[in-house]
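The values are calculated or read from the model by the stated rules, or taken from the named source; none is laboratory data. Worth saying up front: this structure is predicted, and the values here are computed from it rather than measured. As a convention, Cβ positions derive from the backbone with ideal geometry for all residues, glycine included, and neighbour counts pool all protein chains shown. Calculation scope for accessible area: heavy atoms of the full protein, side chains included, ligands and nucleic acids excluded. Shrake-Rupley method; radii C 1.70, N 1.55, O 1.52, S 1.80 Å.
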Amino acid sequence: KNKIEIQSLTGDCFMEFPFWKFDGEREQKLKKDFDLILESCAALGIKIIVIPLVDNGRIESNLQEKKLVDFCLEKIYFLKNNKIKIAFESDFCPTKLSAFIRLFPHSNFGVNYDIGNSASLGFDPEEEFGLYGKRIINVHVKDRIKNGNTVPLGHGDADFPLIFKLLFKIGYKGNFIIQGARCSNNNHSGILEKYFKYVYKLIEDNFIE
């Protein structure tokens, strides 16, 4: 009706109930749910599905990693046929994430870079981009205090000017999904407009032709 195009989906349901942490019937049921979401995204034209490997979805063993990797690689034909990509959002250290994403082909798998989460974990953006910058296919624009929570954009430890310079240096042309801290006085439209202007200026100031 309003001609709004949904380009990406973040599967928080995968994080809440990660099939790679279950066995037996429950695991199979969650895999079927995953398949249904894939099919629904294909029907709706959603081209990027983010799998959050954070919080309850964090990979905690080699077995869990193998379950996830094997399942996702089984979906390559479907992903290619429907021009869908899977982006992994994780709390892996840069070297671990670099090794992890190399398990998947470039064609349909990449990294969802969450600016705030990386800042909270104290990661070095230049090291991150040096290791897997070319695999970034989706960006969450968030600000967090180191070892702390989400705060309004520009009030945490995220180095936005540096990160946007690095993004455009690698030729990033994907989405910027704003995940700023929620408004405390119910002026949601006002805070969204403020965040939009903040991100637009970052793009304007750092975009490389």
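Of the set (1) over 18 Å from the mean Cα position of the chain (by Cα); (2) hydrophobic (A, V, I, L, M, F, W, C); (3) over 30 Å from LEU202 (Cα atoms), all apply to LEU103 but (1). Here the condition is being without any contact (Cβ under 8 Å) to a residue 40 or more places away in the chain, of a type outside the set (A, V, I, L, M, F, W, C), in contact with a helix residue (DSSP H, G or I) (Cβ under 7 Å, 6 or more places away or on another chain) and over 30 Å from ASP159 (Cβ atoms); of ASN62, ASN108, it holds for ASN108 alone.
Applying the criterion of being surrounded by fewer than 19 Cβ atoms within 10 Å (Cβ to Cβ) and among the β-branched types (Val, Ile, Thr) to the residues of segment 1-29, the residue that is farthest from the chain's Cα centre (by Cα) is ILE4.
Where strands (runs of 3 or more DSSP E) sit wholly within segment 45-136, those with at least 1 residues that are of a type in the set (Lys, Arg) and out of contact with any Asp or Glu (no Cβ under 7 Å at 6 or more places or on another chain) occupy 85-90. For LYS32, are the conditions met, namely being exposed (fewer than 13 other Cβ atoms within 10 Å of the Cβ) and in a helix (DSSP H, G or I)? So LYS32 fits the description; yes.
For segment 148-182, a residue qualifies if it is assigned to a loop (DSSP other than H, G, I, E, B), open to solvent by less than 50 Å² (accessible area, probe 1.4 Å) and either over 23 Å from ASP55 (Cβ atoms) or among the charged types (D, E, K, R) (or both), and the qualifying residues are GLY154, ILE170, GLY171, TYR172, GLY174. Just checking, does segment 63-78 include any residue being loosely packed, with under 13 Cβ neighbours inside 10 Å and within 21 Å of SER120 (Cα to Cα)? No.
Counting only residues that are part of a strand (DSSP E or B) and among the charged types (D, E, K, R), which one in segment 137-147 is least open to solvent (accessible area, probe 1.4 Å)? It would help to see each step written out before you state the result.
Step one: list which residues in segment 137-147 are part of a strand (DSSP E or B), which gives 137-141, 143-144.
After this cut, where a residue has to be among the charged types (D, E, K, R) as well, the list is 143-144.
On the way: ASP143: 0, ARG144: 59 Å².
My answer is ASP143.
Considering only residues of segment 150-209 that are in contact with a Leu (Cβ under 6 Å, 6 or more places away or on another chain) and modelled with pLDDT of 95 or more, which is nearest to PHE109 (Cα to Cα)? So, considering only residues that are in contact with a Leu (Cβ under 6 Å, 6 or more places away or on another chain) and modelled with pLDDT of 95 or more, the one nearest to PHE109 (Cα to Cα) is PHE164.
Restricting attention to segment 178-209, and to residues there that are of a type in the set (S, T, N, Q) and within 22 Å of the chain's Cα centre (by Cα), which single residue is farthest from LYS165 (Cα to Cα)? Full working, then the answer.
We begin by selecting, within segment 178-209, every residue of a type in the set (S, T, N, Q); these are 179, 184-187, 189, 206.
Then keep just the ones that are within 22 Å of the chain's Cα centre (by Cα); that gives 179, 206.
On the way: GLN179: 20, ASN206: 5 Å.
Only one residue tops the list, namely GLN179.
Filter segment 166-187 for residues that are closer than 19 Å to ASN149 by Cβ and either without any contact (Cβ under 8 Å) to a residue 40 or more places away in the chain or in contact with a Lys or Arg (Cβ under 8 Å, 6 or more places away or on another chain) (or both) and give the result. Step through it out loud before you land on a result.
Looking only at segment 166-187, we keep the residues that are closer than 19 Å to ASN149 by Cβ, and these are 177-185.
If the condition is that a residue be closer than 19 Å to ASN149 by Cβ and either without any contact (Cβ under 8 Å) to a residue 40 or more places away in the chain or in contact with a Lys or Arg (Cβ under 8 Å, 6 or more places away or on another chain) (or both), then ILE178, GLN179, GLY180, ALA181, ARG182, CYS183, SER184, ASN185 are the ones that fit.
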